[in-house]
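Asks: Below you'll find the structure I mean.
The values are calculated or read from the model by the stated rules, or taken from the named source; none is laboratory data. None of the values given here were measured: they were computed from a predicted structure. In this analysis, Cβ positions are derived from the backbone assuming ideal geometry, glycine residues included, and neighbour counts consider all displayed protein chains.
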């Protein structure tokens, strides 16, 4: 992976210009109750989650920690409706969610959840602007509004000069910032982030965290963030640790 890099300034005030200044009232965005998940490896069963309970409020940033194999990725996938639990309840924005492969879950992923993947998962044939715009396109946002929101978001993460570049022309830190911009562009209720500051230097990481905080206050976004980064841990509202599929 490329060394952490500091690129142009991030302006974390651009996106809330038309939003209320005061934080949104606390309300539950995500609730998990008694979530279990077991994987089969040949003849063996490997428990990944063992009865996990979790509640996440609007505007809250929750850090998820734990060693490799503790169940963090499984929990992120279930919270993001990518995978379904074997048992337990998922409630997103007050609605109980059925099987992860169902249409309801698909629409909720599209409209209410933003993802920052550790491997970025950018579309290589799309430009930076097109990658950030894609969630708005899928949600049916009007072209003029999409252009304005993409321009504001790219300015906010300091990538406006790279709008027409493709991912393979960017550094690791720049690709990470594109991934964060794409996750925030549709103003989701929930953002699932896997090591979002791993490729960023300290100053840029702080600025990105300021932007994420701003989104939480301006639009009520809640953040579930898997991280080993002490800088991020210090900025989260609280942290939980997973070990052997249970919250410690």
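Asks: So the check is Cβ under 6 Å with 6+ separation or different chains; which pairs have a first residue in region 213-232 that's under 14 Å from residue 183 (Cα atoms) and a second one that's in a helix (DSSP H, G or I) and modelled with pLDDT of 90 or more?
Replies: What qualifies is 215/184; 224/79.
For (1) under 24 Å from residue 233 (Cα atoms); (2) surrounded by fewer than 18 Cβ atoms within 10 Å (Cβ to Cβ), each residue gets a yes or a no:
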| residue | (1), (2) |
| --- | --- |
| 28 | yes, yes |
| 38 | no, yes |
| 44 | no, yes |
| 55 | yes, yes |
| 63 | yes, no |
| 78 | yes, no |
| 85 | no, no |
| 88 | no, yes |
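Asks: With (1) more than 14 Å from the chain's Cα centre (by Cα); (2) touching a residue at least 60 places away in the same chain (Cβ under 8 Å); (3) buried (at least 16 other Cβ atoms within 10 Å of the Cβ) as the list, and residue 150 as the residue in question, which single condition is left unmet?
Replies: Every listed condition holds for residue 150 apart from (2).
Asks: Is it the case, given these coordinates, that residue 155 is in contact (Cβ under 8 Å) with a residue 60 or more places away in the chain and either surrounded by fewer than 20 Cβ atoms within 10 Å (Cβ to Cβ) or closer than 21 Å to residue 73 by Cβ (or both)?
Replies: yes
Asks: Something else now. Please pick out the residue among 105, 96 that is surrounded by 20 or more Cβ atoms within 10 Å (Cβ to Cβ), free of Cβ contacts under 8 Å to residues at least 40 places away in the same chain and under 25 Å from residue 58 (Cα atoms).
Replies: Answer to the check: 105.
Asks: So, one more: Only one of 152, 100, 156 is in contact with a helix residue (DSSP H, G or I) (Cβ under 8 Å, 6 or more places away or on another chain), modelled with pLDDT under 90 and farther than 30 Å from residue 66 by Cα; which?
Replies: 156
Asks: Tell me, which residue of region 220-248 that is part of a helix (DSSP H, G or I) and in contact with a helix residue (DSSP H, G or I) (Cβ under 8 Å, 6 or more places away or on another chain) is surrounded by the most Cβ atoms within 10 Å (Cβ to Cβ)?
Replies: Out of the qualifying residues, it is 232.
Asks: OK, next. Let me confirm something: among 118, 174, 164, which residue is surrounded by fewer than 15 Cβ atoms within 10 Å (Cβ to Cβ) and at negative phi?
Replies: Every option except 164 fails the conditions.
Asks: Further question on the same structure: Wholly within region 60-171, which strands (runs of 3 or more DSSP E) include no fewer than the required count, namely at least 1 residues that are touching a strand residue (DSSP E or B) at 6+ places or on another chain (Cβ under 6 Å) and more than 25 Å from residue 213 (Cα to Cα)?
Replies: So the answer is 87-92.
Asks: State whether the residues of region 39-46 include one that is on the phi > 0 side of the Ramachandran plot and touching a residue at least 24 places away in the same chain (Cβ under 8 Å).
Replies: no
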